[in-house]
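Report on the following structure.
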Amino acid sequence: MKKFVFALLFLFATAQFAFADVNSDCIAKAIDKNGKLLVGAAKDAFVKKCVGDAAVAADPATKDCEGKAKDKNGKPLAGAAKASFMKKCLADAKNPGAKDALAKDCEDKAKDKNGKPLVGAAKTAFMKKCQGADK
């Protein structure tokens, strides 16, 4: 039991030092466009966003998704398109089998009123609606 408590305390202390390091880096970067240090609410908001961004950047899936964030011409995505792509990519990375399970479930449901499988445009429309509704 003592070993467990010691290990738990060690992990907690290590995490605190890691957070303090990221926090101090963010505080050092809290500078406005004129080169002056941010103060008050502006500093707090900047540090909060900076620490959050550092946590996301440390995730290996983020780097993978960043590399895939390209449009059909191969140019990097930007703005809302990139934000939307990253959100979907990271969600898929956290639960990789969910998309396949959802597609399989919708495929099984894709039947007409007589119980025959849907084909063509009817199937495509049904699949879009089914997969969109379960998100």
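Please treat every number below as a calculation from the coordinates, not as lab data. Note that the structure is predicted; figures quoted are calculated from it, not measured. Note that each Cβ is placed from the backbone with ideal geometry, even for glycine, and that neighbours are counted across all protein chains shown.
What net charge is computed for the residues neighbouring residue 31, neighbours being all others with C-beta under 15 Å from the C-beta of residue 31, Lys and Arg scored +1, Asp and Glu -1? So the environment of residue 31 carries a net charge of +2. Above 16 Å, the calculated P(r) of region 35-87 contains 56 percent of its Cα-Cα pairs. The protection proxy used here, the mean number of other Cβ atoms lying within 10 Å of each residue, ranks peptides 69-78, 119-128, 44-53 as follows, highest first: 44-53, 119-128, 69-78.
Packing-based ranking of 81-87, 111-117 yields 81-87, 111-117, ordered from highest to lowest mean Cβ neighbour count within 10 Å. If the limit is 32 Å between Cα atoms, which of 29/75; 82/116; 70/113; 82/113; 36/68; 43/72 go over it? Beyond 32 Å: 82/116; 70/113; 82/113; 36/68; 43/72. Here the Karplus relation 6.51 cos²θ - 1.76 cosθ + 1.60, evaluated at θ = phi - 60°, turns the backbone of region 66-73 into coupling constants of 4, x, 8, 6, 10, 7, 5, 8 Hz, with x for every Gly and Pro. Less than 5 angstrom separates the built amide H of residue 70 from those of 77, all sequence-distant by 5 or more or on a different chain.
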